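The structure under discussion appears below in the form of structure tokens.
The values are calculated or read from the model by the stated rules, or taken from the named source; none is laboratory data. Treat the numbers as computed from the prediction; the structure is a model and nothing was measured. Reconstructed Cβ throughout: ideal geometry from the backbone, glycine too, with neighbour counts over all protein chains shown. Ligands, DNA and RNA are stripped out before the accessible areas are found, and what is left, the full protein with its side chains, is counted by its heavy atoms. Shrake-Rupley method; radii C 1.70, N 1.55, O 1.52, S 1.80 Å.
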Amino acid sequence: MVESDGALAARAAAGDRDAFGALVARHQGSVRRVARAVIGDEHDADDAAQDAFLSALDRIETYDPSRPFGPWLIRIATNAAIDLLRRRAVRRTVALDERMSSRDRSPAAAAAAAELRERMAAAFGALPERQRIAVTLFDVEGYAHAEIAEILGVPEGTVRSDVFHGRRSLREALRMFDPTLEDE
Amino acid sequence: MNELLKRHLTPDDDGRAFTEAVLLRASGALYRRGAGATAGADAPAWEWLERWARPWVVAALVALAGAALVPALPRGGGWAPAEAASASDALLTAPAPDLVLAVTDGN
């Protein structure tokens, strides 16, 4: 049986390394993605994601076990990423991901995929910070508007607007490259 | 588009190295928490004292003790002179002081 986040959090609060490690392993994907959405640079984003987990451990007594652990953690991660971004004035990178060009594709297909990915990275990086976070939480992490509003501390209507405008900008940036995106 | 965005944001690793790095940085905090939990489990009998032995509790106890003692002091110290004064006044103002003295001497 899979141990719940609440049970793991209680054990982590008592200093249980395995429990805290299980929490980190379980949530590292979403926390790192949110950090990357905010910061851009993957190394700085991982630094922020680590800071977020340490901060979560530091204040784990404030977590209410009757509520989901994910939004509580994502709120901390978002703040940690924004803090790091402010502190370092991180230079966003739009590096081409090498994975896309090496997976069983013809050179032409690999190049096309790489260009699509490059466009996505550029378009996403050009979005305002809050739109990047809102789109990531909504489209990638699957949070509802209300949950995102709670995480970001803004009205739900603002989140809806951010998601709408962010997605529209991304679609417009990618539409010329891939017309099928019009149907999404 | 969602899948493309997810792929763009998802790290290209299984997360183990990241998890180990977090655990390494958290080792001090985890140790302190573990030590604190152990210490707390070792001395449960004193928890009530730690919880209740606050300055205001001590101050209230001192105040109560003071309130119990202070009224007794004037009563005990003031009784004897007042009694003595009333006895001597009775002797001086008695209609027959010699008789009173004789009774006293007889005793």
Which one of A:PRO65, A:VAL2, A:LEU137 has its Cα pushed farthest toward the positive end of the charge dipole of chain A, where Lys and Arg give +1 and Asp and Glu give -1 at the Cβ? A:LEU137
Past the 23 angstrom mark, what percentage of all C-alpha to C-alpha distances in segment A:1-90 do you count? 21
How would A:ASP46, A:ASP58 line up by accessible area, probe 1.4 Å, largest first? A:ASP58, A:ASP46
Under a Gaussian network model of chain A whose springs join Cα atoms within less than 10 Å, the largest fluctuation of A:ARG160, A:ARG87, A:ARG130 belongs to A:ARG87
Note: A vs B interface, total accessible area buried (1.4 Å probe; ligands, DNA, RNA excluded), nearest 100 Å², is 3300
Just from its helices, what would the mean residue ellipticity at 222 nm be for chain A, if runs of 4 or more DSSP H residues each count -39500 (n - 2.57) and the sum is divided by every residue, rounded to the nearest 500 deg cm²/dmol? -22000 deg cm²/dmol
With every protein chain in place, the accessible area of A:HIS43 for a 1.4 Å probe, in Å² rounded to the nearest 10, comes to 130
To the nearest 20 debye, what is the magnitude of the charge dipole of segment A:103-177 about its Cα centre, counting +1 on the Cβ of each Lys and Arg and -1 on the Cβ of each Asp and Glu? 360
Run the quick spin-label model on A:GLU129 and A:SER106: label points 7 Å from Cα toward the beta carbon, then report their separation in nm to one decimal. 4.5
Under 8 Å for C-alpha pairs, at least 6 residues apart: give me the relative contact order for chain A, rounded to a whole percent. 19
Quote the FRET efficiency, to the nearest 0.05, computed for B:ASP12 versus A:LEU54 with a Förster distance R0 of 22 Å and r equal to the Cβ-Cβ distance. 0.40
Give me the dipole magnitude in Debye, nearest 20, for segment A:1-90 about the Cα centre, with unit charges on the beta carbon: positive for Lys and Arg, negative for Asp and Glu. 220
Using 0.36 nm times the number of residues separating A:GLU115 and A:GLU172, minus their current alpha carbon distance, what extension gain do you get? 19.0 nm
Which of rounded, prolate or oblate describes chain A when judged by the alpha-carbon gyration tensor and an a/c cut-off of 1.5? prolate
